[in-house]
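Peer 1: To start, I am sharing the structure in question, which I have written as structure tokens.
The values are calculated or read from the model by the stated rules, or taken from the named source; none is laboratory data. These numbers come from a predicted model, not from an experiment. Note: ideal-geometry Cβ built from the backbone for every residue, glycine included; neighbour counts use all protein chains shown. Side chains included, ligands, DNA and RNA excluded: accessible areas come from the protein's heavy atoms. Shrake-Rupley method; radii C 1.70, N 1.55, O 1.52, S 1.80 Å.
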Amino acid sequence: MTNELEFGVDWYPEQWDESVWADDAQRMAGYGFTLARVMEFAWTIVEPEPGRFDFSLFDRAVETLYKRGIKAVIGTPTATPPIWLVDAHPDVLRLSPRGLRHDFGARRNLCYNAPAYRQAALRVARAAAEHFGGDPRVAGFQVDNEIGHEGSDRCACDHCKAAWHAWLAARYADVAAMNEAWGAVFWNTSYGRFDQVPVPRNQPATGHNPGLLLDYDRFQSESAAAFAREQTEALRAKAGPGQWVTTNLFPPPFSNAIDMEALTEGMDFASWDNYPIWGPQDEEHPWQFTAAAESYVRGLRGNVPFTVMEEMSGFQGHVCLGKLPPEEQVALWSVQAIARGANRVVFFRWRTAPYGQEQLCYGLLDADDQETPRLRALAAMMKRAREELGGLAGQKLKSPVCLAYSKDDARVLREQYLSKGLYLEASPNAQAGYDMELGKWFAPYATFGVNADARSVRSMVRELPSYRLVALPLYQMADPAVADALAAWVAGGGSLVLGYRAGARDLRNHAADKLLPGVFAELAGVRVPRFESLNLGAAELRVGPWRGKGTVWADLIELTTAHPAAVWSDKEKFYKGAPAAAVNRVGKGSVWYLGTSPDPAAMFHLYRRILKDAGLKPRFYGAQIERVARRDAEGREWELFLNHSPKARRVAGLPLPAWGWAKRRLDAAAGPV
């Protein structure tokens, strides 16, 4: 498997006359692209009727690329069904929880539990594996496309109903155990048989039992993971030496019902579709949020280098457009991905589509077929990045800090979001408040130039000895075994940062039978008998002499063995003077408890102290300056500086143009590269 930095494009030869293919490939090679993803939406072309396969179009396309030094990435084309499948089996189409049946003609419109779909998808994946496995012209395979996107993490059809009942029977064996786990006695929702349990659909008023909803998300996640695993195993069985298997994930990263760590099991690495701005957005996501998302996808497969399978190449949307980012900023987003652990960046897309639902997804080339400013800027970035970052890209990024997320808590908070400050409708199918909050909790590490991972709680616990600081925001469904492991780690010198609502629930999502923070109360040295939601408002607080604000939530902390780290100072609040955050010394380590979501000012002053206390070295170079420390293949230490602003800056003695970046040796007075 190569560790060199690679760049590629998403190419759709089936959408263009074959007479332009050779010129496309020649120009791609001229700009420095060495990869092209193909075939992920071409099911009918490769299987025009059930069981009859014809890969001839893509054989010619792959050969055209290979003659110019470009390898193909083969996508299994199972995100969009052929019409013959829907004609024969209309029940493969997904039924959304809103009661709407998907039609043929869209994408991600299929049910993972529909037997006819599963069989057909596995058949075409096996055929692709048989045909392209071991082919030296093919670098690797992509399983499906954006599994779980556009609401496809939930279906409410009859296939799901039958599979759901079987899942419940396997999980609980006894229906009484299920009733007890859900607290189904509440509102008289106890069941006598598993086949009486409904699939949860959107209700006109009050929704379903939270226990039922949580289990249904777990069931849907396992269904999607099983779907992906079938294709992964089929591809792996035929893949030749050096051919890899991945799938491409999408924003928002944390709140989808599907456990992407389970879905990518057996793959070589996870891939990410990087769109810092999309459609009608008037502003791009904060760069710290993009850093959190890239750290998340890197962490799914043990922090090995990941791929950006779709890197935004300019101005894109489906039905509406927004802000046009400068070309240099678009180029910097690729550099940021490499800095955060990517060793492969594939741009979406080579040519702008002249028709279809993605006419507004502008590619590297427009309809006039001339070189665009964005292609020119990206080609320049690629040349420089390959020279300066190629030795870093294949190496694991090492981090002393871990932001740990809980998939079950993400599922619960999508429905029961606690505060208007934790509600963000990213799309009609995505409530991304959990993502927004975790982005805020990741931000101080990025802002202070401290490398950080974003891992699931279970992965964090496995790797706990490698971290010096762990943050656990919104960890309501606390596992006592995790709490015990963290307590031992803190006593040995670790620093733990807990957030409001920590320990509020048990693993069944029942309210904890202890005063908050539940299983963490002794470790944190605090009690939280009262709290309020701040919704979209804020309350003033002080971190030592510095003013700030708490947002989203306000815990009224009582100290047992801890000491105050921040204090409520808002004259309009009856709890003025109460601690808003606290620190407890445990053995050789520390536990910090944050009873609110600090605003940027409060976060800055709190985390400067938290990081110093953990023996780390927070460095602040400016709100729009990103610093990442990396090690190359020869063991040399480097630091990368990225300027996420439209103004030139001078940082650590290095000149950074607007949207520019620089690299500097850490272990020698070698100066900037």
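Peer 1: On the basis of being open to solvent by less than 80 Å² (accessible area, probe 1.4 Å) and in a strand (DSSP E or B), does Tyr593 make the cut?
Peer 2: Yes; evaluated as a whole, the condition is true for this residue.
Peer 1: Out of all the residues in segment 596-605, is one or more touching a Ser or Thr at 6+ places or on another chain (Cβ under 9 Å), at pLDDT 95 or above, part of a strand (DSSP E or B) and open to solvent by 10 Å² or more (accessible area, probe 1.4 Å)?
Peer 2: Within segment 596-605, none of the residues are touching a Ser or Thr at 6+ places or on another chain (Cβ under 9 Å), at pLDDT 95 or above, part of a strand (DSSP E or B) and open to solvent by 10 Å² or more (accessible area, probe 1.4 Å).
Residue-wise test of (1) open to solvent by 30 Å² or more (accessible area, probe 1.4 Å); (2) more than 23 Å from Lys407 (Cα to Cα).
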residue: Val199; (1), (2): no, no
residue: Thr206; (1), (2): yes, yes
residue: Ser221; (1), (2): no, no
residue: Ala224; (1), (2): no, no
residue: Thr232; (1), (2): no, no
residue: Pro251; (1), (2): yes, no
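Peer 1: Inside segment 313-343, can you point out the residues that are in a loop (DSSP other than H, G, I, E, B) and hydrophobic (A, V, I, L, M, F, W, C)?
Peer 2: Phe315, Val319, Cys320, Leu321, Leu324
Peer 1: Quick check on this structure: which one of Glu310, Glu294, Glu283 is assigned to a helix (DSSP H, G or I) and among the charged types (D, E, K, R)?
Peer 2: None of the other options fit; the residue is Glu294.
Peer 1: A follow-up question, please. Could you check Phe227 against (1) over 28 Å from Val46 (Cα atoms); (2) in contact with a Phe, Trp or Tyr (Cβ under 7 Å, 6 or more places away or on another chain); (3) not hydroxyl-bearing (Ser, Thr, Tyr) and say which number it fails?
Peer 2: Of (1) over 28 Å from Val46 (Cα atoms); (2) in contact with a Phe, Trp or Tyr (Cβ under 7 Å, 6 or more places away or on another chain); (3) not hydroxyl-bearing (Ser, Thr, Tyr), only one is false for Phe227: (1).
Peer 1: Here's a follow-up. Please note which helices (runs of 4 or more DSSP H) are completely contained in segment 24-128 and include at least 1 residues that are modelled with pLDDT of 95 or more, more than 24 Å from Ile147 (Cα to Cα) and not aromatic (Phe, Trp, Tyr).
Peer 2: The helices (runs of 4 or more DSSP H) meeting that bar are 56-66.
Peer 1: Going by what's in this entry, would Ala404 be described as assigned to a helix (DSSP H, G or I) and crowded, with 18+ Cβ neighbours inside 10 Å?
Peer 2: no
Peer 1: Sticking with this one: Of the numbered conditions (1) closer than 25 Å to Leu212 by Cβ; (2) part of a helix (DSSP H, G or I); (3) in contact (Cβ under 8 Å) with a residue 40 or more places away in the chain; (4) open to solvent by 60 Å² or more (accessible area, probe 1.4 Å), Lys161 fails exactly one; give the number of that condition.
Peer 2: For Lys161, the failing item is (3).
Peer 1: Suppose the filter is without any contact (Cβ under 8 Å) to a residue 40 or more places away in the chain and either within 30 Å of Gly151 (Cα to Cα) or in contact with a His (Cβ under 8 Å, 6 or more places away or on another chain) (or both); does Glu522 pass it?
Peer 2: So Glu522 does not fit the description; no.
Peer 1: Considering only residues that are charged (D, E, K, R), more than 30 Å from the chain's Cα centre (by Cα) and farther than 21 Å from Asp54 by Cβ, look in segment 5-36 and name the one that is surrounded by the most Cβ atoms within 10 Å (Cβ to Cβ).
Peer 2: Looking at residues that are charged (D, E, K, R), more than 30 Å from the chain's Cα centre (by Cα) and farther than 21 Å from Asp54 by Cβ, I get Asp24.
Peer 1: Being open to solvent by 10 Å² or more (accessible area, probe 1.4 Å), more than 15 Å from Asn584 (Cβ to Cβ), in contact with a helix residue (DSSP H, G or I) (Cβ under 7 Å, 6 or more places away or on another chain) and outside any loop (DSSP other than H, G, I, E, B): is that true of Leu534 here?
Peer 2: yes
Peer 1: Across segment 380-393, which residue is nearest to Leu469 (Cα to Cα) among those that are surrounded by fewer than 18 Cβ atoms within 10 Å (Cβ to Cβ) and under 27 Å from the mean Cα position of the chain (by Cα)?
Peer 2: Gly390
Peer 1: Between Gly390, Gly394, Gly356, which is within 30 Å of Asn303 (Cβ to Cβ) and modelled with pLDDT under 95?
Peer 2: Being within 30 Å of Asn303 (Cβ to Cβ) and modelled with pLDDT under 95 holds for just one of Gly390, Gly394, Gly356, which is Gly394.
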